[in-house]
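**Student:** Before I ask anything, let me first share the structure, which is written out below as structure tokens.
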Amino acid sequence: MSVTFVASSKLPTRWGTFTMHGFLEQDTGKEHVVLTMGDVADGKPVLGRLHSECLTGDALFSLRCDCGFQLEAALQAIAEEGRGALLYLRQEGRGIGLMNKIRAYHLQDGGADTVEANEQLGFGADQRDYAICQPILEHLGITSLKLLTNNPRKVKALEGYGLKVTERLPLEFGLNPHNSKYLATKAGKLGHMLGEMHQAEAE
Ligand SMILES: Nc1nc2c(ncn2[C@@H]2O[C@H](COP(=O)(O)OP(=O)(O)OP(=O)(O)O)[C@@H](O)[C@H]2O)c(=O)[nH]1
Ligand SMILES: [Zn+2]
């Protein structure tokens, strides 16, 4: 899988000024974005986040999922550390695309869980592919990561591409009444490690 690096610029945010890097995925024309802070090419493990696009959570303030909360927390953590990288991957709806995610939400409004909804539409529970991370990280000079995630599939995928994941750091934010079933399904059916949040819910 190949990507072309397009350009870098500054991106000032609420948490500090990041460098924004644009990458074009050759086969699909998808436009991926990476925000970095500090020197990420010095060979030391980089605080990293692979964030899959969620227009509803990241940009439209949705409470149906935890994506927007995780995005903010990851940028904040990177800014606090003064060094890190967030890969904003254009694989909306776990890879099924925005229109199909809205179809899936419609089924979820009728009682299906997030996995059942995907399956009723003829998709796998999670259609994401992290192969594109390898050339992007290589371009940035990143070889090892401290990964902010609750999703063991992301750790396995990176290790499969020859990257080192020295640590997995939990990213448990945004539990609310609208996403508690969604998060329980993530933990129960998709293997996410969400210990702290479920404990908080039980209390
Ligand atoms: N199909 C589908 N996709 C969803 C639903 N809710 C959120 N998503 C998508 O799920 C993905 C979540 O991405 P991430 O937050 O990077 O990954 P994750 O698997 O939750 O793992 P973490 O690293 O622990 O956050 C995004 O692409 C969202 O658009 C849903 O109900 N159905
Ligand atoms: Zn989301």
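The values are calculated or read from the model by the stated rules, or taken from the named source; none is laboratory data. What you are looking at is a predicted structure, and each value in this text was computed from that prediction instead of being measured. Positions of Cβ are generated from backbone atoms using ideal geometry, with glycine treated the same way; all protein chains shown enter the neighbour counts. For the accessible areas, the whole protein counts, side chains as well, though only heavy atoms, and no ligand, DNA or RNA atoms are used. Shrake-Rupley method; radii C 1.70, N 1.55, O 1.52, S 1.80 Å.
**Student:** How big is the C-alpha Rg of the stretch 66-171 next to the rule-of-thumb value 2.2 N^0.38 Å, as a ratio?
**Tutor:** Values: Rg = 15.6 Å, N = 106, 2.2 N^0.38 = 12.9 Å.
Against the compact-globule rule of thumb, the ratio is 1.21.
**Student:** Where does each of 21-34, 50-63 land if you order them by average Cβ count within 10 Å, highest first? Before the final figure, lay out the partial values.
**Tutor:** Numbers: 21-34: 15.9, 50-63: 17.8.
Order by mean packing, descending: 50-63, 21-34.
**Student:** Let me ask something additional. Which cross-chain or sequence-distant (5 or more) residues have an amide H under 5 Å from the amide H of L89, H modelled 1.01 Å from N in plane?
**Tutor:** Amide H to amide H, under 5 Å and 5 or more residues apart or across chains, L89 pairs with H51, S52, E53.
**Student:** Another question, then. What accessible area per residue, rounded to a whole number of Å², is obtained for the chain using a probe radius of 1.4 Å? Please list the in-between numbers first.
**Tutor:** Details: 9760 Å² over 203 residues.
Result: 48 Å² of accessible area for each residue.
**Student:** Any chance you could tell me what percent of the C-alpha pair distances in the chain go past 31 Å?
**Tutor:** Numbers: 3376 of 20503 pairs.
Percentage above 31 Å: 16.
**Student:** In addition: Considering only C-alpha atoms, what is the centroid distance from the stretch 39-54 to the stretch 101-160, in Å?
**Tutor:** The stretch 39-54 and the stretch 101-160 have Cα centres spaced 17 Å from each other.
**Student:** About the Cα centre of the stretch 119-203, how large is the charge dipole given +1 on each Lys and Arg Cβ and -1 on each Asp and Glu Cβ? Please answer in debye to the nearest 20. Walk me through the numbers on the way to the answer.
**Tutor:** Working: 10 positive and 10 negative charges, 33 e Å.
Charge dipole, the stretch 119-203, about its Cα centre: 160 debye, nearest 20.
**Student:** About the Cα centre, and with charges only on the beta carbon of Lys, Arg (+1) and Asp, Glu (-1), how big is the dipole of the stretch 1-155? Nearest 20 debye, please. Could you put the intermediate results ahead of the total?
**Tutor:** Working: 15 positive and 19 negative charges, 45 e Å.
The calculation lands at about 220 debye.
**Student:** List the lysines whose alpha-carbon lies under 21 Å from that of K164, not counting same-chain residues fewer than 8 positions away?
**Tutor:** Within the straight-line cut-off, K164 pairs with K44, K146, K154, K156.
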